[in-house]
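Everything below concerns the one structure shown next.
The values are calculated or read from the model by the stated rules, or taken from the named source; none is laboratory data. None of these values were measured; they are calculated from a predicted model. Positions of Cβ are backbone-derived with ideal geometry, glycine not excepted, and every protein chain shown enters the neighbour counts.
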Amino acid sequence: MLKIALPKGRLLEQTAGMLQKAGWDIDGYDTKLRYYRLKSKRYQNIEIKVFQEKDIPIQVAVGNYDLGICGLDWIEELLVKYPSSAVVKITDLGYGKGELYAAAKSKEAIYSAPVTRIAGEYPNLAESLAEQLRLKRFSIFPLWGAADAYPPEDAEVVLLPGNTENDMAGYGLEAIYKIATSRAYMIANRGSLKTKDMAELIKSINDNKLSEEDKCLTDYITDSNGGVCADIDDDTLRLALPDGHQQVHVKRILEIAGIKVEEYPSPSGNRRPLSNLEGVFIKVIRPQDMPLQVANNNFDLAITGRDWLTEHRLKFPSSPVMELVDLEYGRVKIVAVVSNEVAADDIASWQEICSRSQKACRVASEYTNIADDYARENRLGRYRIIPTWGATEAFLPEDADLLIENTETGGTINRHNLKIIDTLFESTACLIGSKKKITSTKKKKRTEYIIQSLNKAMENME
C-alpha cells in the first residue's frame, strides 16, 4: 500500500479540485471534511490521510507517508534545520501561491534594539534569517499564530505570509526581506521513491495541474487593521486577551466585572482594542503563546487555559508564571486516547501492553511536555513524543499509539473510532500573571483592580 498525506486548511479546496480532475475520485475530501482517513475509488492500493499542512513534511521525512502535498514554506521550514532530510520535492503544483516575508515597523528598528526579537510560526526560518541579517543579539519567539500582533511592542521582526510586499502594509508593517516563495508542492520520501512504484500516481497529478482559471491567486488575506500602537511606559499594565472562539465568553466575564472592551471580538481584525481601564494596554493573541509571553515580561496579565499554563510550567519549572483567577469557562478534559481496536480500557491495561511491546510507544500531542510527563509518570517504558499542530485524531492508529488530547464532550474522539482510557486533569480558562515583584505603584494597583474585579465577577456568576 502507498500512503498519501493531504492537507487541511487553505490548500484543501484546490488540492481536492486537482485530484478530482486527476480522476482520484475521493469521497469526503472537501470543505465539509469530517474524517481524516479517505479512500480513492480509482486507486485501490493507496491509503489517504488528512493532516494539518505543517505536519506533512515531517510525516513524509520520517517515512510514515510516501507522498504528500503541502506548502513550500513548511518544506523549507523543515529543510533549513534538517538539510539531509529524506524529503524530496517532486513538482510545483502551481496553486496556493504567496510569499513569506520578514516584516518590521521599520528597517532601523531591527538593528537599534538591544536584542532583536523575531516572532512567528517558522522558528527555523527565523533563526536562519537572524544569521543572514548578521544580528549580534537576537531572540526567537515560536508562535501558534497571530504573528502580526507582535510588532512593534513585542517583537522587532515577524514572519508573515502575503501575496506581495504591499500586503505587509495592511498590518502596518514594512517587508524587509523575502524569506521564501510559498506554493503547493508534491513531495515524496526518498526511500519510497527508490523502493515503491509511484509513477502512475505522480503522473496523474503532473498531467492534471490546475489551469490558470482554476487557481486562486489571492490565497493570503491580510484583513487585520492591527489597531493603534501604544507608547507604553513603566506604569502601563499590559493585558493579553485570547483570539478565537473563546472571545464571546471572555467578553461576557469582563463585562460582569465592569470591564468594557471595545471591538472585541473585532470584525475588522483589530488586535489592540481599547477599554475603559485607565493605564491598561490590551492585545489579542493566541492563548497557547500567553504563558511564555508573560514569563518574558511582554505582558503582565493574560487570559489563557490551564492546559497551556501546565504545558508551559512543565517545560520551564522555574517559570514565574502562575494562575491568579479561575474563570470557570472553556471547560475541557485533557485525556489519554487509544484506538477502539486496542484491548485496553484504562491506563493499567495500557501499561501492560506497553511492557510486552518490543517497540517504543508513540505518543502524539499538541501538548508535548504534558505528554512527556505523562509517559514518564505512568512508566510506559520506551516512548517517543510526536508533536502535532492539530487534527491529532488523525494520527491513531497508524502514526501513533497514544494521544494526549483535549475534549469537551468526547464526541469527536468517538467519531474517529477512538476511546478515552484516562483523564489527566480538567482545564478551564484562567487569568495568569507573574510572581515577579511589581515595582510600579500604579501598575500594582491596576493589577489588583483587575484581579479583584474578576474574582467578584466569578462570585456573582455562581
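Brief remarks on what is shown
- Yes/no for L277 being touching an Asp or Glu at 6+ places or on another chain (Cβ under 6 Å) and in the same structural domain as I432 (by TED's automatic domain parsing): no
This table checks each residue for (1) surrounded by 20 or more Cβ atoms within 10 Å (Cβ to Cβ); (2) on the phi < 0 side of the Ramachandran plot; (3) among the aromatic types (F, W, Y); (4) free of Cβ contacts under 8 Å to residues at least 12 places away in the same chain.
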position	(1), (2), (3), (4)
F299	yes, yes, yes, no
A302	yes, yes, no, no
R313	no, yes, no, no
Q358	no, yes, no, yes
V363	yes, yes, no, no
Y374	yes, yes, yes, no
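- Qualifying residue in segment 227-235 (condition: under 24 Å from K444 (Cβ atoms) and buried (at least 17 other Cβ atoms within 10 Å of the Cβ)): no
- Of residues in segment 75-100 being in contact with a Phe, Trp or Tyr (Cβ under 8 Å, 6 or more places away or on another chain) and not polar (S, T, N, Q), the one farthest from Y43 (Cα to Cα): L100
- Hits in segment 67-93 - residues which are assigned to a loop (DSSP other than H, G, I, E, B) and either buried (at least 23 other Cβ atoms within 10 Å of the Cβ) or of a type in the set (A, V, I, L, M, F, W, C) (or both): V80, A86, L93
- Taken over segment 276-320, the criterion of being closer than 17 Å to G145 by Cβ, among the polar types (S, T, N, Q) and touching a Gly at 6+ places or on another chain (Cβ under 9 Å) is satisfied by Q288 alone.
- Set side by side, the residues A343, A348 differ, and just one is over 26 Å from Y65 (Cα atoms) and either in a helix (DSSP H, G or I) or touching a Cys at 6+ places or on another chain (Cβ under 9 Å) (or both), which is A348.
- Just one of the listed residues (A180, A146) is within 22 Å of the chain's Cα centre (by Cα) and either buried (at least 24 other Cβ atoms within 10 Å of the Cβ) or over 26 Å from F281 (Cβ atoms) (or both), and it is A180.
- Test: residue in segment 273-286 that is within 30 Å of D399 (Cβ to Cβ) and of a type outside the set (F, W, Y): yes
- Checked against (1) among the small types (G, A, S); (2) within 21 Å of the chain's Cα centre (by Cα); (3) farther than 30 Å from S357 by Cα, A336 passes all but a single condition, namely (3).
- Checked across segment 42-54, the condition of being free of Cβ contacts under 8 Å to residues at least 40 places away in the same chain and crowded, with 19+ Cβ neighbours inside 10 Å holds for no residue.
- Members of segment 385-409 found to be buried (at least 22 other Cβ atoms within 10 Å of the Cβ) and β-branched (V, I, T), listed by number: I386, T388, T392, I404
- For segment 312-331, the criterion of being within 15 Å of A429 (Cβ to Cβ), in a loop (DSSP other than H, G, I, E, B) and small (G, A, S) is met by at least one residue.
- Members of segment 144-200 found to be hydrophobic (A, V, I, L, M, F, W, C), closer than 30 Å to R238 by Cα and touching a Leu at 6+ places or on another chain (Cβ under 7 Å), listed by number: A147, L159, M168
- Put simply, of A302, A295, A344 the only residue that is within 16 Å of Y374 (Cβ to Cβ) and not acidic (D, E) is A344.
- Scanning segment 9-27 for residues that are part of a helix (DSSP H, G or I) and closer than 11 Å to I205 by Cβ yields a count of 4.
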